[in-house]
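To start, the structure itself, in structure tokens.
The values are calculated or read from the model by the stated rules, or taken from the named source; none is laboratory data. Nothing here was measured: the structure is a model prediction, and the numbers come from that model. Neighbour counts run over all protein chains shown; Cβ positions are idealised from the backbone, glycine included.
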Amino acid sequence: MRLVLTLIFLLMISLVLVATVAEMPTFGDIENPTNNEVPQRYIEGAVEETGAVNVIASIIIDYRAFDTLGEATVLFVAIAAAMATLKGH
Amino acid sequence: MEDIIVRMVGRISVPFIQVYGFYVILHGHLTPGGSFSGGAILGSSMILFALAFNLERGHKKLTHEASTLLECGGASWFAILGLVGVYAGVNFLANQAAGFYMGIPNTLVSAGAIPLITLGLGLKVASTVVTLFYSLAEVEGDSHD
């Protein structure tokens, strides 16, 4: 009974997920909503504004450095929590 | 685990993996890769050393004090480099506006604060991977005693 319920529930979730993926815009389509002025600005101005030829590095460490600082904090908190849980008993 | 083949292959390949990890970290602003992937390569080389030899010898290479210093130092180094921008009178974590040396694009010394932040963050990620491995391995070892 529980197995049948689990299977029905998983089927419903996967139906929703598959429907979402089917509605997604085609990869690389020029009409995509993500193809707006933000990536245009990165592609045209990244080398001039940050000096880094790797545009991804210039985005994660210059344009969105505050986000990466949060990411480093997440790593720090994760390792602190792991140490507290594993060594603190 | 005492196996002559694993130990010899580990002894030969660990320095090359570490050089590659430092290459990925230091060229983060030039080639694909950067702090997170380079740090993971560096950390996995230390895990390979500990697996090929033993946990005690591996732990002596990167002690608890050293990894504590790398963890806290990497995050603080990032925040301090961000405060340079505040000191210069512009935004927090500013790069070009804060007066970092930009250099010529596509050379090793360029892009201002990006290589400095990448180096600190890469060492921090490597230390995180290694610390997590030792925490899990030691807990596992305790339960078998």
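Considering only region A:15-33, state which residues are within 21 Å of the chain's Cα centre (by Cα) and in a helix (DSSP H, G or I).
Result: A:Val16, A:Leu17, A:Val18, A:Ala19, A:Thr20, A:Val21, A:Ala22, A:Glu23.
Let's see how each residue does on (1) farther than 19 Å from B:Ala126 by Cα; (2) assigned to a loop (DSSP other than H, G, I, E, B); (3) hydrophobic (A, V, I, L, M, F, W, C); (4) at pLDDT 80 or above:
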| residue | (1), (2), (3), (4) |
| --- | --- |
| B:Pro32 | no, yes, no, yes |
| B:Ser44 | no, no, no, yes |
| B:Ala50 | no, no, yes, yes |
| B:Ile80 | yes, no, yes, yes |
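Is it the case, given these coordinates, that B:Gly21 is away from every other protein chain (no Cβ under 12 Å) and touching a residue at least 60 places away in the same chain (Cβ under 8 Å)?
So B:Gly21 passes the test.
Please work out which one of (1) facing chain B (nearest Cβ under 7 Å); (2) closer than 20 Å to B:Ile104 by Cα is the condition A:Thr73 fails and give its number.
The one condition A:Thr73 does not meet is (2).
Is one or more of the residues making up region B:85-99 in contact (Cβ under 8 Å) with a residue 24 or more places away in the chain and not in a loop (DSSP other than H, G, I, E, B)?
Looking through region B:85-99, none of the residues is in contact (Cβ under 8 Å) with a residue 24 or more places away in the chain and not in a loop (DSSP other than H, G, I, E, B).
Might you let me know whether region B:52-63 holds any residue that is in a helix (DSSP H, G or I) and closer than 22 Å to A:Val53 by Cβ?
Within region B:52-63, none of the residues are in a helix (DSSP H, G or I) and closer than 22 Å to A:Val53 by Cβ.
Would it be correct to say that B:Gly10 is within 10 Å of the chain's Cα centre (by Cα), buried (at least 17 other Cβ atoms within 10 Å of the Cβ) and part of a helix (DSSP H, G or I)?
Judged against the criteria, B:Gly10 is not a match.
Go through region A:34-62 and give me each residue that's part of a helix (DSSP H, G or I), at the interface with chain B (Cβ under 9 Å from one of its Cβ atoms) and surrounded by 12 or more Cβ atoms within 10 Å (Cβ to Cβ).
Within region A:34-62, A:Val47, A:Glu49, A:Thr50, A:Ile56, A:Ala57, A:Ser58, A:Ile60, A:Ile61, A:Asp62 meet the criteria.
Counting just the residues of region B:54-74 that are surrounded by 19 or more Cβ atoms within 10 Å (Cβ to Cβ) and not acidic (Asp, Glu), which one comes out farthest from B:Leu30 (Cα to Cα)?
Top of the filtered list is B:Gly58.
For (1) at the interface with chain A (Cβ under 9 Å from one of its Cβ atoms); (2) over 20 Å from A:Asp67 (Cα atoms), each residue gets a yes or a no:
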position	(1), (2)
B:Leu42	no, yes
B:Ser45	no, yes
B:Ala50	no, yes
B:Gly73	no, no
B:Phe78	yes, no
B:Val109	no, yes
B:Ile117	yes, no
B:Leu132	yes, yes
B:Leu136	yes, yes
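For region B:80-96, give me each residue that is at the interface with another protein chain (Cβ under 7 Å from one of its Cβ atoms) and on the phi > 0 side of the Ramachandran plot.
Passing the criteria: only B:Leu93.
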